[in-house]
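Contents: one structure, followed by commentary.
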Amino acid sequence: MTSSALSVEDLRVSIGEQEILRGVDIALAPGRVHGLAGESGSGKTMTGLAALGLLPHGSRTAGRVTLGGRNLLDLPQRELNKVRGREIAMVFQDPATSLHPMLTIGRQLTEHMRHHLGLGRAEARARAIDLLGQVRIPGPAAAVDRYPHQFSGGMRQRVAIAIALACGPKVLIADEPTTALDVTVQAGVLRLLRGLCDDLGLAVLLVTHDLGVMSAVADDVSVMKDGLVVETGPRGRVLREPDHPYTRALLDALPREPSAARPGVIPGTPPVEGFDALPKEGS
Amino acid sequence: MSLLTVDELVVDHRTPGRPAVRAVAGASLSVAAGEVVGLVGESGCGKSTLARAVCGLTAATGGTISFEGGPVTRLGLRRRDRSLTKIQMVFQDPYASLNPRRRIGAQIADGLETARDRDTTPGGMLERVGLPGGMAGRYPHEFSGGQRQRIAIARALAARPSLLIGDEPISALDASAQAQVATLMRNLAVESGAGLLFISHDLSVVRLIADRIAVMYLGKIVETGATAEVWANPRHPYTQALLRAIPEPDGLGRLPEELPGDVPDPADPPPGCRFHPRCPMAMDICSEKEPDPGPVSCWLYPPA
Amino acid sequence: MRPHSGIRVLSRLPEAWRQPLAVVGGVVAVAWLLIAAAAPLLAPHDPLAQDLPRLASPGPGHWFGTDQLGRDILSRIMYGARVSIPLTLLLVVLSLLIGGALGACAGYFGRWVGEGIMRLADLVFAFPTVILAMVVAAALGASLTNAVLAVLIVAWPSYARVTRGLVLGMREREFVLSGRLLGFSAWRSLRVDVLPNVTGPILVLATLDIGTALLLLSGLSFLGLGAKPPSAEWGAMVASGVEVFDSWWVATFPGLAILTVVLAFNFLGDTLRDALDPRTARAIKERAL
């Protein structure tokens with residue numbers, strides 16, 4: 001048995017009468033990026049949040065999210081707060097909303113370190129500058145005193161990653177971290193993520209709808225549909241020889257060779273384009 | 001004669017108390033009837049501003065826009081001139097592009113009314129975009145994003161446009177719906193003999209549907225050409241960087257290439273070629289003199 | 001056992017309207033409307049007849065007591081509902097129509113007309129509401145009609161301001177632009193695309209404003225700038241009660257009438273806001289589960 005940094009077993013989440021996750025299993029290993037693909041409404045974001053123990057108010061959960069021998073779903077709030085940031089951290093889609101606009105990035109970086117790791121002011125600041133260098137922010141010693149709005153979108157996402165890494169977590173959950181970025185900028189952030197995963201031995205869960213991004217950085221890929229993982233496997237296998245018809249349909253729908261193959265229509269076309277997904281008359 | 005000719009278009013955004021931002025800084029472009037032109041570029045390059053100016057939603061500061069031989073005037077409080085209703089636009093956000101309080105049939109009927117078309121029914125238009133005609137009595141909230149975008153396309157096409165503009169019409173959709181909706185727009189425009197100006201940041205989709213590609217960077221069009229040619233042999237360093245940055249879903253684990261540096265502030269563009277601070281092939285002349293507009297606006301390819 | 005029919009009706013209402021405060025607000029508001037409509041049938045005495053003992057404390061025959069002139073306070077409150085409630089509703093509807101129309105024009109057409117309207121609104125906003133209403137009512141002469149006019153003058157600007165803001169935001173929405181690109185005239189665009197999408201929040205404002213308008217109107221009567229004696233008007237009744245402080249019932253019961261109407265419409269306004277805002281509606285649903 002390989003030791004996993006974080007494992008999700010038979011995770012079920014429902015809100016009201018709606019079952020959003022219907023038994024999800026995912027295992028993250030140190031030094032590997034696990035990509036979680038799926039269309040909107042498939043439950044991929046909810047899986048990412050559940051892995052952090054962040055679930056919407058009023059939801060019911062079952063199953064296990066194991067990190068370092070403990071089930072995060074059972075931990076009291078106080079314990080969970082200690083785990084978050086120190087052992088597991090998250091990067092969100094939009095760096096514009098995940099950073100505090102009124103605080104310098106240095107302050108946002110050191111806050112966590114001083115709180116979780118009990119570092120002194122000077123020590124924390126030195127580490128903050130170090131981290132900014134690690135995420136390749138130019139001129140980290142000066143950058144530490146700037147505010148989020150003084151950075152471009154790509155740089156802000158790098159800062160968000162630095163903050164996530166501040167307390168040396170073992171697991172990083174990245175939810176669509178490059179979706180809001182331009183392709184040329186996305187390329188840089190993807191390279192960074194891959195490098196951090198390799199250098200620090202991070203276990204990364206990369207939630208993305210973009211199979212191109214998935215192919216570029218993920219080692220393993222899971223494909224979700226309607227709250228279930230329909231296929232899991234190594235990147236090359238899943239993207240080149242998919243077993244599940246849904247994975248194949250997702251790949252066929254992508255724009256590739258212009259004239260030769262116009263994009264296919266997903267058979268039965270569930271979540272987005274299907275008419276069966278429409279609410280019934282009068283609802 | 002081309003359907004739409006944009007010549008040396010300049011558009012400034014003015015905010016009181018701030019320097020004017022030149023969103024479009026002298027861009028030239030043409031679209032012929034039945035032709036699909038893809039305008040690509042990254043956020044803030046001015047491509048959406050250009051689209052809005054072509055529709056008359058934004059005033060041009062300089063240059064000319066001519067459509068079917070006449071000038072495009074800015075849409076003010078007066079009713080839009082009938083000849084200009086031949087330009088129709090499909091917007092980016094499928095959740096904002098339909099009136100939530102009206103049945104979709106009534107909204108499509110507005111388009112038919114514009115074209116004085118009494119033979120086509122809203123249901124018939126829905127079928128053309130791949131939705132059941134019987135859904136005309138429903139409200140927008142009963143549809144998914146991709147379906148709403150189809151409805152918006154149906155409404156625009158109902159007005160029988162000779163130029164259809166898509167301003168990032170697929171960027172808010174799920175990946176699987178993107179290519180479908182883009183292909184649908186292409187097919188319907190080409191079938192009806194209309195030109196299509198398709199604006200997107202997604203090169204792989206544009207490659208799929210466009211006959212010609214125009215690449216925009218910081219308010220200027222840096223390269224134009226036949227799609228297959230630009231894709232196979234990009235000449236401008238920016239186009240090259242853009243293509244190299246696209247991650248391919250081939251399962252090979254190749255990391256895309258990064259273009260270092262940030263897009264400069266359009267209020268304070270660099271002198272000379274606007275791309276030179278980030279260009280891996282910059283020469284001395286690049287920072288001194290702006291290259292001439294042309295198929296490739298770059299000093300690496302001096303005009304013959 | 002079959003559920004009680006009243007409960008069944010309740011369970012068919014949307015979630016937001018089933019909250020306790022919404023039910024209380026609805027019941028009280030409907031009760032007052034019924035009382036106003038049926039006052040001649042319900043009132044035990046003639047509201048103007050001075051044939052009872054003066055300043056009798058509440059008791060059999062005159063449950064809310066009598067005033068200095070020997071009139072039955074309960075009957076006067078019931079008849080007072082016929083004055084205060086319809087006038088308040090009329091007032092709110094008029095300020096909504098005037099303020100809404102001016103605000104919509106200012107928002108959609110902009111330019112000088114809009115600027116002019118908004119500067120006028122700012123001028124009204126610059127004065128404390130009650131004081132401005134007092135000045136206007138005093139200048140026009142004390143009568144109920146003039147009090148209504150005075151409240152109208154201070155009430156329309158808030159509708160104008162809110163409507164303008166909403167219309168400004170809506171004007172740039174993509175479906176509104178699409179309509180204009182199809183050749184909609186400005187009026188048609190305003191009527192078909194803009195106004196139906198801004199009415200919800202404005203109706204919430206109006207419902208919440210009913211309480212304020214009633215208070216202001218009663219306040220003017222209390223100050224002697226509105227209803228003239230001997231007509232039964234709640235504000236005027238409270239004022240007369242203040243003269244005989246020992247007989248607490250003279251001022252307290254009409255005061256309670258004002259309080260209940262104000263609270264009822266505030267509850268209804270809150271509910272309407274929750275029902276129209278999908279986010280709150282969802283939160284209520286989750287809490288209920």
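So, R0 is 22 Å and r is the distance between the beta-carbons of B:Ala226 and B:Asp250; what FRET efficiency does that work out to, to 0.05?
After rounding, the FRET efficiency stands at 0.35.
For the pair C:Arg18 and B:Ser43, how long in nm is the line joining their label points, each one 7 Å along Cα→Cβ?
Using points 7 Å along Cα→Cβ, the separation is 4.1 nm.
So, for the protein assembly as shown, what is the accessible surface per residue at a probe of 1.4 Å, expressed in square angstrom?
44 Å²
Over all distinct alpha-carbon pairs, what is the Kirkwood Rh of the protein assembly as shown in angstrom?
Over the protein assembly as shown, the inverse of the mean reciprocal pair distance is 31.7 Å.
Within segment C:196-233, list the residues whose amide N lies under 16 Å from a label point set 7 Å along Cα→Cβ of C:Asp46.
Counting backbone N atoms under 16 Å from the label point, the list is C:230-232.
Can you name the helices of chain C, as whole DSSP H runs, whose Cα span along the helix axis is 18 Å or more and whose Kyte-Doolittle mean is not below 0.0?
TM-like helix candidates: C:20-42, C:73-109, C:111-125, C:144-171, C:199-222, C:248-276.
I'd like the interface area for chains B and A: accessible area of each alone minus the complex, both sides summed, 1.4 Å probe, protein heavy atoms only. What is it in Å² to the nearest 100?
So the buried area, both faces added, is about 3900 Å².
Between C:Leu123 and B:Asn233, what's the calculated FRET efficiency when r is the beta-carbon distance and R0 is 51 Å? Round to 0.05.
That pair, C:Leu123 with B:Asn233, gives E of 0.15.
Can you give the three extents of the C-alpha atoms in chain B along their principal axes, from longest to shortest, in whole Å?
For chain B, the Cα spread along each principal axis is 63, 51, 41 Å.
Counting only pairs 8 or more places apart or on different chains, how many lysine pairs in the protein assembly as shown have C-alpha atoms closer than 17 Å?
Taking the protein assembly as shown as the scope, the lysine pair count is 4.
Specify the angular offset, from 0 to 90 degrees and rounded to the nearest 10, of the alpha carbon long axis of helix B:104-114 from the longest principal axis of the alpha carbons in chain B.
Taking the Cα atoms of chain B, the angle to B:104-114 is about 80 degrees.
Can you list residues from other chains, or at least 5 along the same chain, whose modelled amide H is less than 5 Å from the amide H of A:Leu205?
A:His34, A:Leu172, A:Ile173, A:Ala174
If you place +1 on the Cβ of every Lys and Arg, -1 on the Cβ of every Asp and Glu, and leave all else neutral, what size is the dipole of segment C:87-288 about its Cα centre, to the nearest 20 Debye?
Dipole of segment C:87-288, to the nearest 20 debye: 780 debye.
Which of the residues in segment B:187-219 show a loss of at least 50 Å² in accessible area from their chain by itself to the complete set of protein chains, at a probe of 1.4 Å?
Listed by number, the residues meeting the 50 Å² cut-off are B:Arg207, B:Leu208.
Give me the distance in nm between label points sitting 7 Å out from Cα along the Cα-to-Cβ direction at B:Met281 and B:Ser171, one decimal.
With each label placed 7 Å out from Cα toward Cβ, I get 2.7 nm.
Assuming R0 = 35 Å, what is the FRET efficiency of C:Leu89 and B:Leu77, from their Cβ-Cβ distance, to the nearest 0.05?
0.50
On a 0 to 90 degree scale, rounded to 10, what angle separates helix A:77-86 from the longest Cα axis of chain A?
Helix A:77-86 and the main axis of chain A meet at about 80 degrees.
Tell me the mean residue ellipticity at 222 nm calculated for the protein assembly as shown from its helices only (DSSP H runs of n ≥ 4, each -39500 (n - 2.57), averaged over every residue, nearest 500).
-14000 deg cm²/dmol
Along the Cα-to-Cβ line of C:Thr252, 7 Å from the Cα, sits a label point; which residues in segment C:31-65 have backbone N less than 12 Å from it?
Answer for segment C:31-65: C:57-59, C:64-65.
I'd like the carbon and sulfur percentage of the solvent accessible area for the protein assembly as shown, probe radius 1.4 Å, heavy atoms only, ligands and nucleic acids excluded.
Carbon and sulfur together cover 58 percent of it.
Summing both sides, how much accessible area is buried between C and B? Use a 1.4 Å probe and give Å² to the nearest 100.
Using a 1.4 Å probe, the pair buries roughly 2100 Å².
Please state, rounded to one decimal and in Å, the Kirkwood hydrodynamic radius that segment C:87-288 gives when every pair of distinct Cα atoms enters the mean of 1/r.
18.8 Å
Describe numerically, in nm with one decimal, the distance between label points set 7 Å from Cα along Cα→Cβ at A:Arg121 and at A:Asp25.
5.3 nm
The values are calculated or read from the model by the stated rules, or taken from the named source; none is laboratory data. From a predicted model like this one, the values you see are computed outputs, not experimental measurements. Don't worry about glycine lacking a Cβ; one is built from the backbone with ideal geometry, like all the others, and counts go over all protein chains shown. Just the protein is used for accessible areas: all its heavy atoms, side chains included, with ligands, DNA and RNA removed. Shrake-Rupley method; radii C 1.70, N 1.55, O 1.52, S 1.80 Å.
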